[in-house]
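Novice: Please see the structure below; I have some questions.
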Amino acid sequence: MLTTNFVPGAPNWVDLATPDNDAAAAFYGPIFGWQYQSGGPEAGGYGFFTLGGKTVAAVGPIMEPGGASAWTLYFNTPDADATANAVTKAGGAVQAAMDVFTAGRMAQFTDPSGAKFAVWQPGDTKGLDAVTDPNTLTWTELHTADPEAAKAFYQSVFGWSSQDMPMGDFSYTVITPAGGTEDSSQGGIMPLVPEMAASGSRWLPYFEVTDTDAAVATASELGGTVIAPAMDIDGVGRMAAFADPSGALFSVIKSVQPS
């Protein structure tokens, strides 16, 4: 379960690169109840999605020439430059590393299969203000062409522990931060399925909702595309996957609550 106790290797930020912040706010706002807050002129078009006054995600322009709209997951690190060295040593690529005023230091990477991810070294900003609650980030999932290679890469970079779980005709790998317990699992690694194959290897954020079917209906009405229709997974919850109107992929889930 995600918490705001951002231990090293745990997800601590998520942002959306999009061609139009206002259009993104008009899409995600009715689904999750988010409000858009600009970061101001000095932020270069970067802003925040808030819920009840708490920052739950961020949004900004596509920085890469010809780049696609996408959600990016950030993982906590005490030293972004040391993580960059670990990524390079493990066969990944460093895209960018920079200080963000006094908020912290970030670095963006591509893993050996082509999936993009990032790290956040906290300064004044430790990370998201809320996770796991309804309409906030609740799970992270890597869809990859080579799950075994991915497990080795991320274990080398972050020290994650993993546990394989049979899921019909494939194995789903549950990941936890170094030294974490089963209760601190934060995401999964799975092979690319046909619905996601066209997008290639990528990280996918899951946002908790109170009604998966209502989220599907709202997203569809607002121009989103349903990539994977709502379905129940025993002991996990009811989930669905979408592309927003600009093509960014994300998922929602109404999790099964512990008894």
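Novice: Could you please let me know if Asp169 is modelled with pLDDT under 95 and out of contact with any Pro (no Cβ under 9 Å at 6 or more places or on another chain)? Step through it out loud before you land on a result.
Specialist: Values: modelled with pLDDT under 95: yes; out of contact with any Pro (no Cβ under 9 Å at 6 or more places or on another chain): yes.
Yes; evaluated as a whole, the condition is true for this residue.
Novice: So, in region 1-33, of the ones that are among the small types (Gly, Ala, Ser) and outside any helix (DSSP H, G or I), which residue ends up nearest to Thr212 (Cα to Cα)? Break it down into steps so the answer makes sense when it comes.
Specialist: Let us first name the residues in region 1-33 that are among the small types (Gly, Ala, Ser), namely 9-10, 17, 23-26, 29, 33.
Within this subset, residues satisfying the condition of being outside any helix (DSSP H, G or I) are 9-10, 17, 33.
On the way: Gly9: 28, Ala10: 25, Ala17: 24, Gly33: 14 Å.
Going through the qualifying residues, I end up with Gly33.
Novice: Could you list, in sequence order, the residues of region 191-223 that are aliphatic (A, V, I, L, M) and more than 12 Å from Arg238 (Cα to Cα)?
Specialist: Going through region 191-223, the residues aliphatic (A, V, I, L, M) turn out to be 192-193, 196-198, 204, 209, 214-217, 219, 222.
Of everything in region 191-223, those that are aliphatic (A, V, I, L, M) and more than 12 Å from Arg238 (Cα to Cα) turn out to be Leu192, Val193, Met196, Ala197, Ala198, Leu204, Ala217, Ala219, Leu222.
Novice: Also: Quickly run through region 93-137 and pick out the residues that are closer than 22 Å to Ala197 by Cβ, charged (D, E, K, R) and open to solvent by 60 Å² or more (accessible area, probe 1.4 Å).
Specialist: Lys116
Novice: Let me ask another. Filter region 47-72 down to the residues that are closer than 16 Å to Ala248 by Cβ, under 18 Å from the mean Cα position of the chain (by Cα) and of a type outside the set (A, V, I, L, M) and list them by number.
Specialist: Gly47, Phe49, Gly60, Pro61, Gly67, Ser69, Trp71, Thr72
Novice: Looking only at region 172-219, how many residues end up being open to solvent by less than 10 Å² (accessible area, probe 1.4 Å), over 18 Å from Ser255 (Cβ atoms) and of a type in the set (S, T, N, Q)?
Specialist: Final tally of qualifying residues: 1.
Novice: What tally of residues in region 39-97 results from selecting those that are in a helix (DSSP H, G or I), out of contact with any helix residue (DSSP H, G or I) (no Cβ under 9 Å at 6 or more places or on another chain) and either touching a residue at least 40 places away in the same chain (Cβ under 8 Å) or not aliphatic (A, V, I, L, M) (or both)? So that I can check it myself, show each step before the final result.
Specialist: Going residue by residue through region 39-97, those that are in a helix (DSSP H, G or I) are 41-43, 80-89.
After this cut, where a residue has to be out of contact with any helix residue (DSSP H, G or I) (no Cβ under 9 Å at 6 or more places or on another chain) as well, the list is 41-43, 80-82, 84-85, 88.
From what is left, the residues that are either touching a residue at least 40 places away in the same chain (Cβ under 8 Å) or not aliphatic (A, V, I, L, M) (or both) are 41-42, 80-81, 85, 88.
Summing the residues that are in a helix (DSSP H, G or I), out of contact with any helix residue (DSSP H, G or I) (no Cβ under 9 Å at 6 or more places or on another chain) and either touching a residue at least 40 places away in the same chain (Cβ under 8 Å) or not aliphatic (A, V, I, L, M) (or both) in region 39-97 gives 6.
Novice: Only one of (1) in contact with a Pro (Cβ under 6 Å, 6 or more places away or on another chain); (2) surrounded by fewer than 21 Cβ atoms within 10 Å (Cβ to Cβ) fails for Thr140. Which number is that?
Specialist: Only one criterion in (1) in contact with a Pro (Cβ under 6 Å, 6 or more places away or on another chain); (2) surrounded by fewer than 21 Cβ atoms within 10 Å (Cβ to Cβ) is unmet by Thr140, namely (2).
Novice: Suppose we filter region 14-26 for residues that are farther than 14 Å from Gly224 by Cα, in contact (Cβ under 8 Å) with a residue 60 or more places away in the chain and either more than 19 Å from the chain's Cα centre (by Cα) or open to solvent by 20 Å² or more (accessible area, probe 1.4 Å) (or both); how many remain?
Specialist: Count: 3.
Novice: Can you tell me how many residues within region 209-259 are polar (S, T, N, Q) and under 20 Å from the mean Cα position of the chain (by Cα)?
Specialist: Taking region 209-259 first, the residues polar (S, T, N, Q) are 210, 212, 218, 220, 225, 246, 251, 255, 257, 259.
Going one step further and asking which of them are under 20 Å from the mean Cα position of the chain (by Cα), we end up with 210, 212, 225, 246, 251, 255.
The number of residues fulfilling the criteria is 6.
Novice: If you don't mind, another one. Wholly within region 147-259, which strands (runs of 3 or more DSSP E) include no fewer than the required count, namely at least 2 residues that are farther than 21 Å from Thr3 by Cβ and touching a residue at least 12 places away in the same chain (Cβ under 8 Å)?
Specialist: Working: elements: 161-167, 170-176, 187-191, 202-208, 225-233, 237-243, 249-255.
Answer list for region 147-259: 170-176, 187-191, 225-233, 237-243.
Novice: Would you confirm whether or not region 222-238 contains a residue that is open to solvent by less than 30 Å² (accessible area, probe 1.4 Å) and either closer than 23 Å to Pro147 by Cβ or at pLDDT below 95 (or both)?
Specialist: Yes, region 222-238 contains at least one residue that is open to solvent by less than 30 Å² (accessible area, probe 1.4 Å) and either closer than 23 Å to Pro147 by Cβ or at pLDDT below 95 (or both).
The values are calculated or read from the model by the stated rules, or taken from the named source; none is laboratory data. Model, not experiment: these values are computed from the prediction. Positions of Cβ are backbone-derived with ideal geometry, glycine not excepted, and every protein chain shown enters the neighbour counts. To get the accessible areas, we keep the full protein, side chains included, count just its heavy atoms, and leave off ligands, DNA and RNA. Shrake-Rupley method; radii C 1.70, N 1.55, O 1.52, S 1.80 Å.
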